[in-house]
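Quick notes on the structure that follows.
The values are calculated or read from the model by the stated rules, or taken from the named source; none is laboratory data. Just so it is clear, the structure is predicted and the values come from calculations on it, not from any experiment. A quick note on method: Cβ atoms are made from the backbone with ideal geometry, for glycine too, and the neighbour counts reach across all protein chains shown. Remember, those area values only see protein heavy atoms, side chains included, never the ligands or the DNA or RNA. Shrake-Rupley method; radii C 1.70, N 1.55, O 1.52, S 1.80 Å.
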Amino acid sequence: MSMPMVVVSGAMRLDLPGEDDSAITLALPGDLLGVEVLLGQLPRSRGVALVATEVALLGPVPQDQWLALLGRQLLSARQRQMHLARLRHGAAADRVETLLGLLEGGSCPGSPTSRP
């Protein structure tokens, strides 16, 4: 059985294999990959690095830390979906700036988590 991984740096596009190769989401630093294996399922997405990217095996996580880890992942996924929604609307220059912000630092310009 595979082990989950975490994105250490960079950015990955996650696709559904065998589909039309349209991206389903982005994986950025701190995001977990392959969590399905913990539930006995096969991973459902394929990752393609968009920039130089480092991933690492997550390794064993003590049982009492799983809830906090998965909670952070859930909040991160929700925020990521809001950021990706911003890529679908507005002026092209604003959308490009948002995408570059995500690829550089994992946050959108003008969002509460963006860097100064």
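Within the accessible area of region 1-100, what % is carbon and sulfur when the probe is 1.4 Å and the other protein chains stay in place?
Details: 4010 of 6640 Å².
C and S atoms contribute 60 percent here.
Pop a pseudo-label 7 angstrom from the Cα along the beta-carbon direction at both M82 and R46 and give the gap in nm to one decimal.
3.3 nm
Which order do you get for H89, H83 if you rank them by accessible area with a 1.4 Å probe, largest at the top?
These residues rank, largest area first, as H89, H83.
Project the alpha carbons of region 33-101 onto their principal axes and report the range along each, largest first, in whole Å.
Over region 33-101, Cα extents along the principal axes are 45, 23, 20 Å.
Kindly state, to the nearest 0.05, the FRET efficiency for A93 paired with T25, given R0 = 30 Å and r defined as their beta-carbon distance.
The computed FRET efficiency comes out at 0.80.
If you add up the charges near L26, with Lys and Arg at +1 and Asp and Glu at -1, over every other residue whose beta carbon is less than 13 angstrom from its beta carbon, what do you get?
Once all neighbours under 13 Å are counted, the net charge is 0.
Given 0.36 nm per residue, what is the gain on full extension from S9 to L58 after removing their alpha carbon distance, in nm?
16.3 nm
Within region 9-91, which GluC sites (Glu not before Pro) sit in a loop by DSSP and count at most 10 neighbouring Cβ atoms inside 10 Å? Show your work: numbers first, answer last.
Numbers: sites: E19, E36, E54; in loops: E19.
Filter output for region 9-91: E19.
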